Amino acid sequence: MASMAANENLPPTVIRQLAKELKNLDDSPPEGIKVIVNDDDFATIFADIEGPAGTPYENGIFRMKLILSRDFPQSPPKGFFTTKIFHPNIATSGEICVNTLKKDWNPSLGLRHVLLVVRCLLIEPFPESALNEQAGKLLLENYEEYARHARLYTSIHALRPKNKSKSGAISESMTALNKGQPHTVLAPISTSTGTKAFGPNSQDRNAAPSAVSGGAPAAPRKDGPLAVKVPVDKKKMDARKKSLKRL
């Protein structure tokens, strides 16, 4: 109900225009920007922005939102970062300060232009109009320290998740489970069926025994699969003995 009310606050002509823009952004997203479309609420638009390469925000994903008022596009949207970021033109509350959303606003500007301007802020900040005074001062006086702070915020709050392969994840889990556990080798299991017996670390017991370092070759185990005795029918053996005696 709240989402429907949000759309009702915008004029039908604006809703139609926004629907076209959002579809265009979804079909052909700007580089490094992914718009999250909610057809029930055009008054609040979310987007994920990739940190540009070569900046302290590289490898980060930053979520922002644009809030549209009822008289949009006559008045500019308000922009906020919901992901914490250390930047001169973004307040600690997340508010974005950029001229495009203030004195330079033009009703003909579209959402694509606004999003591109916001991403450009991550490439070229404007410390002269800083909302975060600490970030603005560091940028002007000590860029390396500013960049260190920005990278730290990025690594804590905006680091892009790494995709692990399934086999790698399984291997890592098994390593964690086996850590600190003694390495147990299971001895071959004797069986009356004459089949090979295997443990987790066993090899084919029919193979030649390997030599022990510094000593003689190890003797084969008597209780291994090769030493398995197959039961013989006693009556048949007695009959064979009688036949041999007759000969």
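The values are calculated or read from the model by the stated rules, or taken from the named source; none is laboratory data. Since this is a predicted model, take the numbers as computed values, not measurements. Because the Cβ atoms are built from the backbone with ideal geometry, glycine has one as well, and the counts that use them run over all protein chains shown. To get the accessible areas, we keep the full protein, side chains included, count just its heavy atoms, and leave off ligands, DNA and RNA. Shrake-Rupley method; radii C 1.70, N 1.55, O 1.52, S 1.80 Å.
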*asked:* Against the conditions (1) under 32 Å from the mean Cα position of the chain (by Cα); (2) open to solvent by 20 Å² or more (accessible area, probe 1.4 Å), where does residue 99 fall short? Just the number, please.
replied: (1)
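Which ranges mark the strands (runs of 3 or more DSSP E) fully within the stretch 29-114 that have 1 or more residues being of a type in the set (Gly, Ala, Ser) and within 23 Å of residue 19 (Cα to Cα)?
Numbers: elements: 33-36, 44-50, 61-67, 78-81.
In the stretch 29-114, 44-50, 78-81 are the strands (runs of 3 or more DSSP E) which contain 1 or more residues that are of a type in the set (Gly, Ala, Ser) and within 23 Å of residue 19 (Cα to Cα).
Which residues, taken from the stretch 117-129, are open to solvent by less than 70 Å² (accessible area, probe 1.4 Å) and either at pLDDT below 95 or assigned to a helix (DSSP H, G or I) (or both)?
Initial filter on the stretch 117-129 (open to solvent by less than 70 Å² (accessible area, probe 1.4 Å)): 117-119, 121-122, 125, 127, 129.
Answer for the stretch 117-129, where residues must be open to solvent by less than 70 Å² (accessible area, probe 1.4 Å) and either at pLDDT below 95 or assigned to a helix (DSSP H, G or I) (or both): 117, 118, 119, 121, 122, 127, 129.
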*Considering the stretch 1-27 alone, what residues qualify as being of a type outside the set (A, V, I, L, M), surrounded by 14 or more Cβ atoms within 10 Å (Cβ to Cβ) and at pLDDT 90 or above?*
21, 24
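Give the stretch 68-90 a look and list any residue that's in contact (Cβ under 8 Å) with a residue 40 or more places away in the chain and buried (at least 17 other Cβ atoms within 10 Å of the Cβ), or say none. So that I can check it myself, show each step before the final result.
Residues of the stretch 68-90 in contact (Cβ under 8 Å) with a residue 40 or more places away in the chain: 68, 70, 72-73, 83-90.
Within the stretch 68-90, 68, 72, 73, 83, 85, 86, 87, 88, 89, 90 meet the criteria.
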_Selection within the stretch 28-67 - under 18 Å from residue 124 (Cα atoms) and open to solvent by 60 Å² or more (accessible area, probe 1.4 Å)_ = 31, 50, 53, 54, 58, 59
